[in-house]
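Reading through the structure tokens given below for one structure.
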Amino acid sequence: MTGMHRVVRDRRSAPVICLISQPSSCWFDAARGGPWTRGVLMRLGSKFRILALAGCAVAALVPALSAEEFRLADWEVEQAVPSPALAAVPELTPGDFGLTAFPPPSVMADTHNVEDEALETAGIPVVPIPQPSAAELAAIPDDPPSLIESGKPDPAITSERVAQQLRLMLARGNDRALQAFAAFYLARAYQPLFVADGVLSPRGQAAVTRLSQSGDDGLDPAAFLVSLPEGARNAEAVAKLELALARAVATFAAQASGGRTDPRKLSSNYDVTPPRIEVAEALAEVAKAREPGAVFAALDGFNPPHEGFRKLRAKLIEMRGERREMSDTAAGRRDVLRERNVIANLERWRWLPRELGEAHIWVNIPGFGVDVMQNGRSIHHTRAIAGRQDTQTPIFSHAMSHIIFNPYWHVPPSIVRNSFLGGARRDPGYLARRGIQVVRGGRVVDPATINWQGNVSGYSFRQPPGVRNALGRMKFMFPNRHSVYLHDTPSRNLFGQNQRALSHGCVRVQHPEQLAEVLLNLGLPGEGWTGGRIQAMSGANERTVRFRQNLPIHLVYFTMAVDSTGSIVEYDDIYGHNARIRAALTSARS
């Protein structure tokens, strides 16, 4: 419901373990409860299983949701917001903006998007790993099993022995995803990061514990399961444990920073490149942490740094604490769906740049609002009108560079095709009555002289400045391939509606003069722009004012946010994006 507030009491749910054991033939004994096996317990349904955790000192009972409980129920699929038809956004030319060329954005430059590779292997450089020579292989001593009781530290399993095994494993591996790990360990002479004396080091124990709590981040703990090696405990087995935990940490870093989905495969209206943290960077951050608290902080830091994300994550923890048990009642199903919507919103937070800009423009499409943010607080807010379901406002980040006063409206080709051509074919005076000029070769053409039944691709359409202009008195420009911008409108009465998905994709603002004053003083500091000076820009001719300092602008889609009172504010899922992301996250678990 639009504008609905709900306060949820503080309560925290327990974490979920991420370390899974092998059968009893393994080189640890679950019944003894030694350091290899002491840890936390995972609840599967109403039961508890003992999961081995190398080197841990305590055991705990940890409730968790089963895999089945994460799946979309039939009722959710039936009641989910339907996904609208998503028409591809046509490519436009700089002329559609009245420009000779698109200026490059000052933030969020486009990066290569690998469509056909898994997220964990995309962009990993192929680094040649030095192969051990025959002499080096001959010099590697035998790898006898430990004679120390299972689970207890064994100084005989030295870091040097483990490093030798790591080098062999990484040099012989054919898995491309291991390339980044090989480069990281090569740079540290293959010294292990998470194990010592044959068991998990304090750093490794802290990493396992934090990964077990990944459900609190809106992630799936099953993605970070670490299987313990089978057979005798020797340097090779310990090296396998080291590498398994390194992969779990790197996977967590990638998902916590960049999400679990590829947004461009979900919708053509997601024009974002998540800032995914790569393997070497993630492991290097953990390597800096020597104390367990620092390890927790390093893994926490892989999540988005934004206050909005942190507040919503805290609400997810509270909501799960409220819901003690799954129930098949209508209220229970609503609570589950609400939690999944929170997770969908957390996923979209992970698509944003980690640096939004000290001063930036924030356009929340479902909230129908525009905020100018500075130093973490809103210094200006205005109501907005966004795109309809069939002409959605896209989600992307860019940089606003200038404002055009008294603008021509250069009609996008999609509007020409869908709205103008039919009217012009029926009535040659259709365009003139609406104040639309037809242009060819830079000159205005009389519509009555055009054969509207023929090919009209060589013509462009525009509306000159004036009171009838669809863009009003000004438009706020951040030239982009979607032909989307912020602008004034002569239809001010529409801002009184609660549901304002009414435009062809651009964002109309309620108080453009006030917005212009704020933005001009940010983009042109020291020039003293006032309301009177802005009113004096009105006239019959276009006038462009360019910023010295471009301003980042983020067109986002959040149906849930936490306000200054700590209450959750919810907005309608006008484009069905929550349902789309819920389905994608469920498919990822299948």
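Some values worked out for this structure:
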read-out	value
Among (1) touching a Pro at 6+ places or on another chain (Cβ under 8 Å); (2) of a type in the set (A, V, I, L, M, F, W, C); (3) outside the structural domain of Thr393 (by the TED database), the one test that Val569 misses	(1)
Residue identified as of a type in the set (Gly, Ala, Ser), more than 26 Å from the chain's Cα centre (by Cα), open to solvent by 20 Å² or more (accessible area, probe 1.4 Å) and in the same structural domain as Gly151 (by the TED database) among Ala196, Ala239, Ala223, Ala284	Ala196
Residues (β-branched (Val, Ile, Thr) and farther than 23 Å from Thr273 by Cα) located in the stretch 373-414	Ile379, Thr382, Ile385, Ile403, Ile404, Val411
Odd one out for Asn521, checked against (1) out of contact with any strand residue (DSSP E or B) (no Cβ under 9 Å at 6 or more places or on another chain); (2) at pLDDT 95 or above; (3) open to solvent by less than 30 Å² (accessible area, probe 1.4 Å); (4) not β-branched (Val, Ile, Thr)	(3)
Set Tyr571, Tyr575: member being open to solvent by less than 20 Å² (accessible area, probe 1.4 Å) and at pLDDT 95 or above	Tyr575
Selection from the stretch 542-558 of residues that are out of contact with any His (no Cβ under 8 Å at 6 or more places or on another chain) and among the polar types (S, T, N, Q)	Gln549, Asn550
Check on Arg247, under 20 Å from Leu299 (Cα atoms) and open to solvent by 10 Å² or more (accessible area, probe 1.4 Å)	yes
Exclusive hit being surrounded by 18 or more Cβ atoms within 10 Å (Cβ to Cβ) and either of a type outside the set (S, T, N, Q) or at pLDDT below 95 (or both), set Arg310, Arg320	Arg320
Residue check for Asn498: surrounded by fewer than 21 Cβ atoms within 10 Å (Cβ to Cβ) and in a loop (DSSP other than H, G, I, E, B)	yes
So Arg264, is it modelled with pLDDT under 95, of a type in the set (D, E, K, R) and open to solvent by 40 Å² or more (accessible area, probe 1.4 Å)	yes
Residue pairs meeting the criteria (Cβ under 6 Å; at least 6 apart or on separate chains; first farther than 28 Å from Ile581 by Cα, in the stretch 264-291; second assigned to a loop (DSSP other than H, G, I, E, B))	Ala287/Leu193
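Table: residues versus (1) crowded, with 17+ Cβ neighbours inside 10 Å; (2) at pLDDT 90 or above.
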site: His398; (1), (2): yes, yes
site: Asn406; (1), (2): yes, yes
site: Val411; (1), (2): yes, no
site: Arg426; (1), (2): no, no
site: Ile436; (1), (2): yes, yes
site: Val445; (1), (2): no, yes
site: Trp452; (1), (2): yes, no
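The values are calculated or read from the model by the stated rules, or taken from the named source; none is laboratory data. None of these values were measured; they are calculated from a predicted model. Glycine also receives a Cβ, built like all others from the backbone with ideal geometry; neighbour counts cover every protein chain displayed. For accessibility, only protein heavy atoms count, side chains too; no ligands or nucleic acids. Shrake-Rupley method; radii C 1.70, N 1.55, O 1.52, S 1.80 Å.
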